[in-house]
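Taken together, the values in this text are just the output of simple stated rules run on the coordinates, not laboratory data. Bear in mind that the values here come from a model prediction, so they are computed numbers and not experimental data. Virtual Cβ from ideal backbone geometry, glycine too; neighbours counted across all protein chains shown.
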Amino acid sequence: MTVLQGTRPRVNAGRLVEQVAGLGAIGAVPGGGVTRLAFTPGDVEGRAYVARLMEEAALAVRIDAAGNLIGHRPGAVPGAPALVLGSHIDTVPDGGAYDGAYGVLAGVEVARTLHEEGVRLNHPLAVVAFCDEEGAHGTMGMLGSHGFAGVLPPGAARVLDDRGIPVADLLAAVGGDAERLAEAAWSPRDIAAYLELHIEQGAVLERLGVPIGVVETITGRVNVSVTVDGVAGHAGTTPMEHRADALDGAARLVLAVRAIAADERVVLRATTGTCAVEPGMWNVVPGRVRLGVEFRDTSAGALEAALARLAEAAAEVAGATGTRVTVVPGARTSPVDCDADLRELIARASAEQGLPYHRLPSGAGHDAQIVARIAPVGMIFVPSRDGVSHAPGEYTAPEHLAWGADVLLTAVLMRDATPDIKR
Ligand code: GLV
Ligand code: MN
Ligand code: MN
């Protein structure tokens, strides 16, 4: 595509692309993926890499109590609320180099470009790498942005991960402090706008051949723990008609979960992502199975309807298999609309850069939806090749990385020139 770009300053595209590759090398898995789970040595090394870049961008670097890495640049107007740019640098196991990392690095690159061009913004600028967006080892996910927004559930630091390690200890490993979590919270008065640049993680932009996405709504999600209790027994001697096989029940539930989205269309997405079989031996009829189920939709009502349908399916399966099925809804994030003014601002920033844009919902969750509890949020998407994400094949072309960052920079300059509404 030939693109006519305007007269605003532009980021250093080569440097940004190099840094995405540089961060992607930390935790790189032979064969192409990246495993840099939050709180691991790879995460610590990745955070040090980003902190160094923040310093090179003349940002003052700190880690808050919720483990967020924050680079700060003062503004010209005393007491003005900040423009905040952010995303995350942790990955899922065998994920990609772009999910989250791109938005953080582009935010730092925007700050560096402003510094090099000698642009003084009216507003302070903060670039944030939020802690544990992905929910490493069964932690709640978006932990850092919950702390940043002051909406962590009570006792969040005492929760154990799936290896039995308290979140407080995990936080300490990255420089956070569970005793001072309240200090990580920003007030609505502190933030003029939050902007997050991210890869689309879907195939809409690629299919349309459009380089920029203006996000309208961010999906909501609810996690559900499903436990199927049957009766363990000898695989050779327990007659088929006398079994209460927990995995038989669980298998039916996995299909029921899929059908809730795929056939019944109760909700947009339904996934069973984990399955733990106990005792887990070839020669033992399974006595207990634990499933990790997730529903997503841009409508809160649809999420509730999916939970109700799952409860019905659980009762049916229990009756048919002689098992007991327990359904416990867990972490929930509400669907969130991006701020109407910021959506228009991003659309104008794209147009000013001569870049076609398309308005679309986000099927993935983002720190932005948590920050939305205290600030207006806007999100910019760039295309993902074949729509692949949370997998080693994740890829975004260098020109798309550069154009997305240019739109972010332009949006920052435009928002900086817009008067603030008292909040
Ligand atoms: C975030 O990574 C999500 O799972 O949507
Ligand atoms: Mn992700
Ligand atoms: Mn992400």
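Quick check: is even one residue across segment 238-256 touching a residue at least 60 places away in the same chain (Cβ under 8 Å) and touching a Leu at 6+ places or on another chain (Cβ under 7 Å)?
The initial filter retains those residues of segment 238-256 that are touching a residue at least 60 places away in the same chain (Cβ under 8 Å), namely 243-246, 248-249, 252-253, 256.
Of the ones still in play, those that are also touching a Leu at 6+ places or on another chain (Cβ under 7 Å) are 253.
Yes - at least one qualifying residue is present in segment 238-256.
Quick one: residue 28 ticks every box in (1) within 25 Å of residue 380 (Cβ to Cβ); (2) out of contact with any Asp or Glu (no Cβ under 9 Å at 6 or more places or on another chain) except a single one, so which number is it?
(1)
Could you tell me how many of the residues in segment 274-289 are part of a strand (DSSP E or B) and either hydrophobic (A, V, I, L, M, F, W, C) or surrounded by fewer than 13 Cβ atoms within 10 Å (Cβ to Cβ) (or both)?
So the first thing to find is which residues in segment 274-289 are part of a strand (DSSP E or B), and the list is 274-278, 284-285, 288-289.
From what's left, either hydrophobic (A, V, I, L, M, F, W, C) or surrounded by fewer than 13 Cβ atoms within 10 Å (Cβ to Cβ) (or both): 275-277, 284-285, 289.
Total satisfying the criteria: 6.
Which residues, counting only those in segment 111-132, are closer than 30 Å to residue 273 by Cα and either free of Cβ contacts under 8 Å to residues at least 24 places away in the same chain or out of contact with any helix residue (DSSP H, G or I) (no Cβ under 6 Å at 6 or more places or on another chain) (or both)? Walk me through it before giving the result.
Restricting attention to segment 111-132, the residues satisfying the condition of being closer than 30 Å to residue 273 by Cα are 128-132.
Answer for segment 111-132, where residues must be closer than 30 Å to residue 273 by Cα and either free of Cβ contacts under 8 Å to residues at least 24 places away in the same chain or out of contact with any helix residue (DSSP H, G or I) (no Cβ under 6 Å at 6 or more places or on another chain) (or both): just 128.
Please verify whether residue 341 is acidic (Asp, Glu) and within 16 Å of ligand 1 (Cβ to nearest atom), treating the condition exactly as stated.
On the way: acidic (Asp, Glu): yes; within 16 Å of ligand 1 (Cβ to nearest atom): no.
In short, no.
Please work out which one of (1) within 16 Å of ligand 3 (Cβ to nearest atom); (2) closer than 16 Å to residue 196 by Cα; (3) touching a strand residue (DSSP E or B) at 6+ places or on another chain (Cβ under 7 Å) is the condition residue 364 fails and give its number.
Looking at each condition in turn, residue 364 falls short on (3).
Which residue is surrounded by the fewest Cβ atoms within 10 Å (Cβ to Cβ), if the candidates are limited to segment 129-144 and must be assigned to a helix (DSSP H, G or I) and in contact with a Gly (Cβ under 8 Å, 6 or more places away or on another chain)?
Among residues in segment 129-144 that are assigned to a helix (DSSP H, G or I) and in contact with a Gly (Cβ under 8 Å, 6 or more places away or on another chain), the one surrounded by the fewest Cβ atoms within 10 Å (Cβ to Cβ) is 144.
Being within 16 Å of ligand 3 (Cβ to nearest atom) and out of contact with any His (no Cβ under 8 Å at 6 or more places or on another chain) is the filter; apply it to segment 218-244 and report the residue that is nearest to residue 401 (Cα to Cα). Reasoning before the result, please.
In the first step, residues of segment 218-244 are kept if they are within 16 Å of ligand 3 (Cβ to nearest atom); the result is 218-221.
Among the residues that remain, those that are also out of contact with any His (no Cβ under 8 Å at 6 or more places or on another chain) are: 219-221.
Values: 219: 23, 220: 26, 221: 27 Å.
Here the residue is 219.
Only one of 226, 210 is in contact with a helix residue (DSSP H, G or I) (Cβ under 8 Å, 6 or more places away or on another chain) and β-branched (Val, Ile, Thr); which? Step through it out loud before you land on a result.
Working: 210 fails: in contact with a helix residue (DSSP H, G or I) (Cβ under 8 Å, 6 or more places away or on another chain).
That would be 226, the only listed residue that is in contact with a helix residue (DSSP H, G or I) (Cβ under 8 Å, 6 or more places away or on another chain) and β-branched (Val, Ile, Thr).
Can you name the number of the only condition in (1) small (Gly, Ala, Ser); (2) within 16 Å of ligand 3 (Cβ to nearest atom); (3) within 30 Å of residue 72 (Cβ to Cβ); (4) part of a loop (DSSP other than H, G, I, E, B) that residue 213 fails?
Going through the list (1) small (Gly, Ala, Ser); (2) within 16 Å of ligand 3 (Cβ to nearest atom); (3) within 30 Å of residue 72 (Cβ to Cβ); (4) part of a loop (DSSP other than H, G, I, E, B), residue 213 breaks only (4).
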